Amino acid sequence: MPKTSQWKIEDMPDLTGRVYIVTGGNAGIGKECVKALLGKGGKVYMGARSEAKAQAAIKELEQATGRAAIFLKLDLADFASIKQAAAEFMAKESQLNTLFNSAGVGWSPMDDLTAQGYDAQFGTNVIGHFYFTKLLLPVLFQTYDSNPSDKPRIVTTSSDYYKQFPKVDYATLRDGPARRKLNSGQLYGQSKFGNILVSNELARRYGDKIVSTSLHPGVFKTDLQSQDRVIRSLVWIASAFLSPVSMGPTNQLFAGTAPEGAKLNGKYLIPWAVEAKLSKEAEDQKSAEKLWDWLEQQVSAI
């Protein structure tokens with residue numbers, strides 16, 4: 001159950017003049033995050049694969065907040081799309097106050113792979129976000145240089161489900177016999193574990209200029225769980241105990257907008273806006289460095 005916190009979404013400061021990106025911002029928790037940011041005056045880029053779905057969400061949120069998000073075409077399962085999205089953003093903006101790496105796929109069919117042939121879940125959740133973040137580091141550093149007292153932030157949505165597979169089995173990141181021996185839930189847990197390792201390594205490498213935080217958002221009835229028939233059934237049964245999706249971005253927004261969030265570099269949050277201790281596997285620096293080096297190799301030739 002969520003722990004009690006004194007901080008609520010309504011406590012966000014005024015965000016006028018600040019710029020944000022929310023990946024997966026057209027649905028679920030990401031959409032609620034965009035809504036809250038707009039409501040406080042932020043300029044928000046909504047990263048999404050489908051322009052039609054994004055524009056429908058933008059229209060809905062504009063009616064609710066009086067402000068419109070900006071569509072940023074982004075498919076985290078395709079390096080070419082990621083590169084184009086980062087270039088498009090930096091052609092328009094010289095400031096990025098918080099990058100919310102919120103998008104995610106879960107319990108994907110075993111046959112699902114990214115455009116470059118990686119496991120769909122690790123490829124989207126980890127590799128895609130790593131590459132997008134790497135490409136945006138120049139604008140994040142520029143934001144810091146223009147106001148060193150106000151570090152930009154990177155907020156990565158992971159999950160406590162990482163504990164179900166707290167390691168990276170590199171033989172399973174592309175399709176093959178080793179990958180096929182795992183189930184979709186294990187592959188999802190591996191991707192959430194990877195999210196934490198990357199967030200921790202970002203904090204270690206660049207903590208002098210940015211604040212990198214990872215988090216477990218809670219358990220909600222969102223599109224993430226609806227991709228699998230069994231999961232849909234479990235969610236339906238458990239729906240009476242799930243938190244409303246409107247609460248979903250609480251940890252994201254705390255880490256990404258609250259003054260207290262500036263002190264969270266390298267930290268991990270659980271509901272609601274509460275710092276928690278990671279497992280020893282997730283805190284292992286050598287594992288984080290190894291994954292970082294591997295990820296660098298995957299995107300170096302692009």
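Considering Glu32, Glu93, which residue is in contact with a Ser or Thr (Cβ under 7 Å, 6 or more places away or on another chain), in contact (Cβ under 8 Å) with a residue 60 or more places away in the chain, of a type in the set (Asp, Glu) and open to solvent by 20 Å² or more (accessible area, probe 1.4 Å)? Steps first, answer last, please.
On the way: Glu93 fails: in contact with a Ser or Thr (Cβ under 7 Å, 6 or more places away or on another chain).
The unique qualifying residue is Glu32.
Residues of region 31-87 being in a helix (DSSP H, G or I) and within 15 Å of the chain's Cα centre (by Cα), which ones? Step through it out loud before you land on a result.
Of the residues in region 31-87, the ones in a helix (DSSP H, G or I) are 31-39, 51-65, 79-87.
Correct list: Lys31, Glu32, Cys33, Val34, Ile82.
Just a yes or no: is a residue in region 42-51 at pLDDT 95 or above and in contact with an Asp or Glu (Cβ under 7 Å, 6 or more places away or on another chain)?
yes
Among the listed residues Trp272, Trp292, which satisfies the condition of being open to solvent by less than 60 Å² (accessible area, probe 1.4 Å) and modelled with pLDDT under 95? Outline the logic, then answer.
Working: Trp292 fails: modelled with pLDDT under 95.
Residue meeting the stated conditions: Trp272.
Based on what the data block shows, is Leu224 at pLDDT below 95, within 27 Å of Lys43 (Cβ to Cβ) and part of a helix (DSSP H, G or I)?
Here the answer is yes, as Leu224 does meet what is asked.
Can you tell which of Asp112, Asp150 is surrounded by fewer than 22 Cβ atoms within 10 Å (Cβ to Cβ), more than 21 Å from Pro271 (Cβ to Cβ) and in contact with a helix residue (DSSP H, G or I) (Cβ under 6 Å, 6 or more places away or on another chain)?
Going through Asp112, Asp150 in turn, the sole match is Asp112.
Taking the stated definitions as given, is Asp119 open to solvent by less than 10 Å² (accessible area, probe 1.4 Å), charged (D, E, K, R) and over 17 Å from the mean Cα position of the chain (by Cα)?
Numbers: open to solvent by less than 10 Å² (accessible area, probe 1.4 Å): yes; charged (D, E, K, R): yes; over 17 Å from the mean Cα position of the chain (by Cα): yes.
Considered against the rule, which asks whether it is open to solvent by less than 10 Å² (accessible area, probe 1.4 Å), charged (D, E, K, R) and over 17 Å from the mean Cα position of the chain (by Cα), Asp119 comes out as yes.
The values are calculated or read from the model by the stated rules, or taken from the named source; none is laboratory data. Since we're looking at a predicted model, the values are computed, not measured. Neighbour counts run over all protein chains shown; Cβ positions are idealised from the backbone, glycine included. Remember, those area values only see protein heavy atoms, side chains included, never the ligands or the DNA or RNA. Shrake-Rupley method; radii C 1.70, N 1.55, O 1.52, S 1.80 Å.
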